[in-house]
Amino acid sequence: MASLAFPSLNSLTISRLHSQKAPSLNSSIPTPSILTFKHPTITLHRFQCGVIRMQAGEEDFELKQMRDMAAAKKRWDAMIREGKVKMLTPREAGYAIQLSNKPLLDVRPSSEREKAWVKGSTWVPIFEVDNKFDVGTLSRKATNFVMGGWWSGVPTLSYDSQFLSKVEEKFPKDAELIVTCQKGLRSLAACELLCNAGYKNLFWVQGGLEAAEEEDLAREGTQPLRFAGIGGLSEFLGWTDQQRAQAAREGWGYRLLYSIRLVGVFVVADALFIGAQQVGRYLQDIRSH
């Protein structure tokens, strides 16, 4: 267990790899304490140093996450190459469940599980939606939102340290266990944990449930399995890969719906801009009188 990159390979890294990257905002606003300095040269110098340190810290964090992920991928590749975990396509997983009655372990967070799930699967999330409101969690939520959560809808997730014990309560270590998530990354992390804990008959669903066709697996829930991982503004506008593929199959009716939504977004944004201008003029008139 000590060899695993948890929690250094944290939930923010995992969730960002599961989402489309959106433009990030740069928060380099001076704190109120800077405004109390009287000497402008000292103020500017300290502010610039603070910004440089902030940017350097962000770069160091990004670099560390990239290194952690690269190391994890090497371990996962070796795990599959050595046969410790066997690979299945979603269709093969469906056959194994139906014909051999193999259990399916769903390690997705509740935000994805509640939209769609495989009938008869066992749900034990390795990362779960973090609903706490302490300072650290709120900071991570803000970072996740700025780094693309607003676009992808991916929530802030936290690693469940009880994941392994929860799985051990449900499955013996000689069980032939199929492990899946939405895109195949978190399930690989789960397979590594289970493999190191002594599970010897593990199967990994390549590409996750997002790669499944409707006929591959018996589904329950309100959405197709491949749609369970989308959200945010990208889902609302129909700009995800899954929705574009669906539009190509269903034709203009599907595209028209999201075209209307896009026009609606522009209309609302324009109305807000005009409203802000009018409020600004009104306040300026008040000050001038």
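The values are calculated or read from the model by the stated rules, or taken from the named source; none is laboratory data. What you are looking at is a predicted structure, and each value in this text was computed from that prediction instead of being measured. Because the Cβ atoms are built from the backbone with ideal geometry, glycine has one as well, and the counts that use them run over all protein chains shown. Note: accessible area is taken over every heavy atom of the protein model, side chains too, but ligands, DNA and RNA are not part of it. Shrake-Rupley method; radii C 1.70, N 1.55, O 1.52, S 1.80 Å.
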Checklist entry - Would you call LEU177 at pLDDT below 95, assigned by the TED database to the domain that holds ALA96, closer than 13 Å to ASP106 by Cα and not small (Gly, Ala, Ser)? => result no
Next on the checklist: Among the residues of the stretch 230-239, are any at pLDDT below 75 and of a type in the set (S, T, N, Q)?
Outcome noted: yes
Item to check | Near pairs, Cβ below 8 angstrom, 6+ apart or cross-chain, from the stretch 99-113 (on the phi < 0 side of the Ramachandran plot and surrounded by fewer than 23 Cβ atoms within 10 Å (Cβ to Cβ)) to any residue that is modelled with pLDDT under 95 and β-branched (Val, Ile, Thr) | outcome: SER110/VAL129; SER111/VAL129
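For the stretch 67-91: of the residues being of a type outside the set (Lys, Arg) and in contact with an Asp or Glu (Cβ under 9 Å, 6 or more places away or on another chain), which is modelled with the lowest pLDDT?
That would be ALA72.
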Checklist entry - THR143: open to solvent by 50 Å² or more (accessible area, probe 1.4 Å), assigned to a helix (DSSP H, G or I) and β-branched (Val, Ile, Thr), yes or no? => result yes
Next on the checklist: What's the total number of residues in the stretch 165-181 that are open to solvent by 20 Å² or more (accessible area, probe 1.4 Å) and of a type in the set (Gly, Ala, Ser)?
Outcome noted: 1
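Being surrounded by 17 or more Cβ atoms within 10 Å (Cβ to Cβ) and not assigned by the TED database to the domain that holds ASP77 is the requirement here; does GLY231 meet it?
Values: surrounded by 17 or more Cβ atoms within 10 Å (Cβ to Cβ): yes; not assigned by the TED database to the domain that holds ASP77: yes.
For GLY231, the condition - surrounded by 17 or more Cβ atoms within 10 Å (Cβ to Cβ) and not assigned by the TED database to the domain that holds ASP77 - is met.
Among the residues of the stretch 63-98, write down those that are among the aliphatic types (A, V, I, L, M), within 25 Å of the chain's Cα centre (by Cα), surrounded by 15 or more Cβ atoms within 10 Å (Cβ to Cβ) and in a helix (DSSP H, G or I).
Taking the stretch 63-98 and keeping what is among the aliphatic types (A, V, I, L, M), we get 63, 66, 69-72, 78-80, 85, 87-88, 93, 96-97.
Pick out the ones that are also within 25 Å of the chain's Cα centre (by Cα) and you get 63, 66, 69-72, 78-80, 85, 87-88, 93.
From what's left, surrounded by 15 or more Cβ atoms within 10 Å (Cβ to Cβ): 69, 72, 79-80, 85, 88, 93.
Scanning the stretch 63-98 gives MET69, ALA72, MET79, ILE80, ALA93.
Is it the case that TRP117 is farther than 25 Å from LEU217 by Cβ and buried (at least 20 other Cβ atoms within 10 Å of the Cβ)? Don't jump to the end; show me each part of the working.
Values: farther than 25 Å from LEU217 by Cβ: no; buried (at least 20 other Cβ atoms within 10 Å of the Cβ): yes.
For TRP117, the condition - farther than 25 Å from LEU217 by Cβ and buried (at least 20 other Cβ atoms within 10 Å of the Cβ) - is not met.
Please work out which residue is most open to solvent (accessible area, probe 1.4 Å), limiting yourself to the stretch 147-164 and to residues that are under 18 Å from ALA190 (Cα atoms) and assigned to a helix (DSSP H, G or I). Please lay out each step first, then the result.
Here is the first cut: in the stretch 147-164, the residues under 18 Å from ALA190 (Cα atoms) are 157-164.
With assigned to a helix (DSSP H, G or I) added as a condition, the list becomes 163-164.
Values: PHE163: 0, LEU164: 27 Å².
So, considering only residues that are under 18 Å from ALA190 (Cα atoms) and assigned to a helix (DSSP H, G or I), the one most open to solvent (accessible area, probe 1.4 Å) is LEU164.
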